[in-house]
Amino acid sequence: MNFDPSPNSQAYLARLKTFMQAHVYPIEKEILTENHRLNYHGDWRRWRVPAQIRQLKQQAREAGLWNLFLPDNELGQGLSCLEYAPLAEEMGKVSFAPEIFNCNAPDTGNMEVLYHFGDKKQKQTWLEPLLAGEIRSVFAMTEPGVASSDATNMQATIIEEGRKLVLNGTKWWTTGLGHPDAKVAIFMGLSNPENEKHARHAMVIVPLDSEGLEIKRMLTACQDYDAPYGHGELQLTNVKVPKDNLLVGMGKGFAIAQGRLGPGRIHHCMRAIGAAERCLELMIKRGFERVAFGKPVIKLGGNQERVAKARMAIDQARLLTLNAAWKIDTVGVKHAMTEISAIKVVVPNVLQEVSDMAIQMHGGAGVSGDFPLAGFNAAARVLRLADGPDEVHMGMVCRIELAKYQKGA
Ligand SMILES: Cc1cc2nc3c(=O)[nH]c(=O)nc-3n(C[C@H](O)[C@H](O)[C@H](O)COP(=O)(O)OP(=O)(O)OC[C@H]3O[C@@H](n4cnc5c(N)ncnc54)[C@H](O)[C@@H]3O)c2cc1C
């Protein structure tokens, strides 16, 4: 077990940091203000991507800081999960940065699905434009009518009709659905109700302009639309797509989901560590700057212990994440389920705790739009639900732990 960044990873990190310092941090506030001006007017159908983000995407691509998440030498930069971890952490320090490097959720997870499970035509039609950053995608699994933390509950249907598949159902919390470039969904539905429960569902590629597909609304998460990405509710009424849009086969949805959610979850965690690191940095700088009752705020009350607690929590979370990445690289997702589920619980909770401390030490400024802290705090809160709630992941850790003893009994 060696978590030292490889020379390749170190070189990419140095370039990424230079790019962030030169091009992203100096205009972070300007972009957030522009995003607010363009998109917070109550009509999600008119959401736009700030021109600066499109410009930065172009620059990042030209600089070779593009598709860093994909462990492929030609289509990505050939970095392993462990090598990618410090890069995702760096991107996580600014809310919109992952998109600049074509490394944002849910596209990275969807691109991985198409990369691993798509056939030649599916890759040409959808993976290529996604890798080029020309379009965006969504993942439509969760449904309002059923407890979706148990994915075997999904009720939306996929029925074969000649050379077509007919889709019906309602999905919600479909992240990225409001983005003006969102063109395609990976849809999960019930295809084989007669099978055992993990072989009942399938995944299908659905163009978002398909007849019968209607976006009903955008939901707010913690009172925020998260524009221009958004989290949408989607109605599918007799949507017909060619059978060629089926991924792998009928009843294979869970087999794909297992592969998709492993790397996707760990990427979320790596970015969240970057966000926590940024919160700590801002908390310390502010604590030194502001004086109350004759002392810098950092010296007051329990604030020094808070700094220590934040440092310890972040470092523990990072080590756990690197360990999960190392296991994915060495033994594969299926044999790293404890580690992946463990970080999916630990890291969002650490970010929630650290962002909360940082907000408190900033006083009123902490909850204002002048600092990214409230945004990070909300992101941590929703991350404890998205990609499965804490309890489901703890259930997984416990199940694997108990099985060790049951096997031997
Ligand atoms: C901001 C955001 C973005 C999202 N993005 C997407 C997306 O892009 N695509 C998508 O398909 N979905 C997405 N989701 C949906 C997310 O994956 C689900 O909300 C989550 O899986 C929980 O499902 P549910 O909301 O139906 O809660 P329910 O299944 O109704 O669960 C409610 C609560 O029950 C408790 N619970 C559940 N299981 C257990 C257990 N085993 N033990 C103890 N308690 C338990 C938990 O406290 C849980 O929070 C997103 C959600 C959010 C908030």
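The values are calculated or read from the model by the stated rules, or taken from the named source; none is laboratory data. Treat the numbers as computed from the prediction; the structure is a model and nothing was measured. Quick reminder, even Gly has a Cβ in these numbers, built from the backbone with ideal geometry, and neighbours come from all protein chains shown. Quick note on the areas: whole protein, heavy atoms, side chains included, nothing else; ligands and nucleic acids left out. Shrake-Rupley method; radii C 1.70, N 1.55, O 1.52, S 1.80 Å.
Answer yes if at least one residue in region 335-343 is open to solvent by 50 Å² or more (accessible area, probe 1.4 Å) and in contact with a Cys (Cβ under 9 Å, 6 or more places away or on another chain), and no otherwise. The answer is no, given that none of the residues of region 335-343 is open to solvent by 50 Å² or more (accessible area, probe 1.4 Å) and in contact with a Cys (Cβ under 9 Å, 6 or more places away or on another chain). Look at region 377-394: where a residue is within 8 Å of the ligand (Cβ to nearest atom) and open to solvent by less than 30 Å² (accessible area, probe 1.4 Å) and a partner is assigned to a loop (DSSP other than H, G, I, E, B) and among the small types (G, A, S), sitting 6+ places away or on another chain with Cβ atoms under 9 Å, you get G388/S149; P389/S149.
This table checks each residue for (1) modelled with pLDDT under 95; (2) aliphatic (A, V, I, L, M); (3) open to solvent by 60 Å² or more (accessible area, probe 1.4 Å).
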residue: G259; (1), (2), (3): yes, no, no
residue: H268; (1), (2), (3): yes, no, no
residue: R271; (1), (2), (3): no, no, no
residue: L280; (1), (2), (3): no, yes, no
residue: I298; (1), (2), (3): no, yes, no
residue: N303; (1), (2), (3): no, no, no
residue: R306; (1), (2), (3): no, no, yes
residue: L320; (1), (2), (3): no, yes, yes
residue: V333; (1), (2), (3): yes, yes, no
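Here P144, P228 are screened, and the one residue that is touching a His at 6+ places or on another chain (Cβ under 7 Å) and outside any strand (DSSP E or B) is P228. Cβ contacts < 7 Å: first residue farther than 18 Å from A185 by Cβ, restricted to region 221-243; second residue among the small types (G, A, S) and in a loop (DSSP other than H, G, I, E, B), any location; separation 6+ or different chain. Result? Qualifying pairs under 7 Å: A227/G178.
Number of residues in region 33-72 that are within 26 Å of L127 (Cα to Cα), in contact with a Pro (Cβ under 7 Å, 6 or more places away or on another chain) and assigned to a helix (DSSP H, G or I): the value is 0. Among the residues of region 40-58, the ones that are within 19 Å of E128 (Cα to Cα) and either assigned by TED's automatic domain parsing to the domain that holds G230 or without any contact (Cβ under 8 Å) to a residue 60 or more places away in the chain (or both) come to 2 in all. Does E30 satisfy being assigned to a helix (DSSP H, G or I), of a type outside the set (A, V, I, L, M, F, W, C) and in contact with a Ser or Thr (Cβ under 6 Å, 6 or more places away or on another chain)? No; evaluated as a whole, the condition is false for this residue. With respect to the numbered conditions (1) in the same structural domain as M91 (by TED's automatic domain parsing); (2) open to solvent by less than 10 Å² (accessible area, probe 1.4 Å); (3) within 12 Å of the ligand (Cβ to nearest atom), which one is the sole condition not fulfilled by A140? In the conditions (1) in the same structural domain as M91 (by TED's automatic domain parsing); (2) open to solvent by less than 10 Å² (accessible area, probe 1.4 Å); (3) within 12 Å of the ligand (Cβ to nearest atom), A140 misses (1) alone.
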